[in-house]
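Novice: Just passing along the structure, written as structure tokens.
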Amino acid sequence: QVQLVESGGGLVQPGGPLRLSCAASGSIFSINDMGWYRQAPGKQRELVAAISSGGITNYADSVKGRFTISRDNAKNTVYLQMNSLKPEDTAVYYCKAENGVMDYWGKGTLVTVSS
């Protein structure tokens, strides 16, 4: 089992930055890819960014150039640095980890971009 806890969400003005963290615990040795997803009200959950155990990254087109995903394997933590935030980035952001057998999800952290 893998437990994921997100933190760092909150209210931010348009154009501002925010950094999300996701700390993993439990059977962390089995984790391969990790990623961030988001779900806005009335919309489906979508991939924001993902990072492999080897550091290869993948981004949604809507966040390329603004968001950066990174991973600290020593701390078992994945980060999402979000810059130039837009109102349409408002959503609950979820951390996901997979071990090739199962997907594990955190409970999410709310990001609200508003003036």
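Novice: With unit charges on the beta carbon (Lys/Arg positive, Asp/Glu negative), name the residue among 35, 74, 87 whose Cα is farthest towards the positive pole of the charge dipole of the chain.
Specialist: Value: 87.
Novice: Using DSSP to call loops (not H, G, I, E or B), can you name the trypsin sites (Lys or Arg not before Pro) in segment 63-115 whose Cβ has at most 13 other Cβ atoms within 10 angstrom? Mind dumping the intermediate values first?
Specialist: Details: sites: 64, 66, 71, 75, 96, 107; in loops: 64, 66, 75, 107.
Of the trypsin sites (Lys or Arg not before Pro), the ones in loops of segment 63-115 whose Cβ has at most 13 other Cβ atoms within 10 Å are 64, 75, 107.
Novice: How would you rank 76-86, 33-43, 7-17, highest first, on the average number of other Cβ atoms within 10 Å across their residues?
Specialist: Per-residue Cβ counts within 10 Å, averaged per peptide and sorted highest first, yield 76-86, 33-43, 7-17.
Novice: Hey, which lysines would be in cross-link range of residue 43, C-alpha to C-alpha under 21 Å, not counting anything within fewer than 8 residues on its own chain?
Specialist: Partners within reach: 64, 86, 96, 107.
Novice: Let me ask something else. Quick one: compute the contact order of the chain, relative version, from alpha carbon pairs under 8 angstrom and 6+ residues apart, as a percent. Don't skip to the end; give the middle numbers.
Specialist: Details: 282 pairs, mean separation 43.0, N = 115.
About 37 percent, as a whole number.
Novice: What whole-number distance in Å separates the alpha-carbon centres of segment 91-115 and segment 66-89?
Specialist: Using only Cα atoms to place each centre, the spacing works out to 11 Å.
Novice: Taking only protein heavy atoms into account and a 1.4 Å probe, give the accessible area per residue of segment 30-115 in Å². Numbers along the way, then the final one.
Specialist: Values: 4510 Å² over 86 residues.
Dividing the accessible area of segment 30-115 by its residue count gives 52 Å².
Novice: Something else about it: Can you give the percent of C-alpha pairs in segment 1-47 whose distance is more than 13 Å? Mind showing how you got there, number by number?
Specialist: On the way: 753 of 1081 pairs.
So the pairs more than 13 Å apart make up 70 percent of the total in segment 1-47.
The values are calculated or read from the model by the stated rules, or taken from the named source; none is laboratory data. From a predicted model like this one, the values you see are computed outputs, not experimental measurements. Every residue, glycine as well, gets a Cβ built from its backbone with ideal geometry; the counts of neighbours run over all protein chains shown. Accessible surface areas use protein heavy atoms only, side chains included; no ligands, DNA or RNA. Shrake-Rupley method; radii C 1.70, N 1.55, O 1.52, S 1.80 Å.
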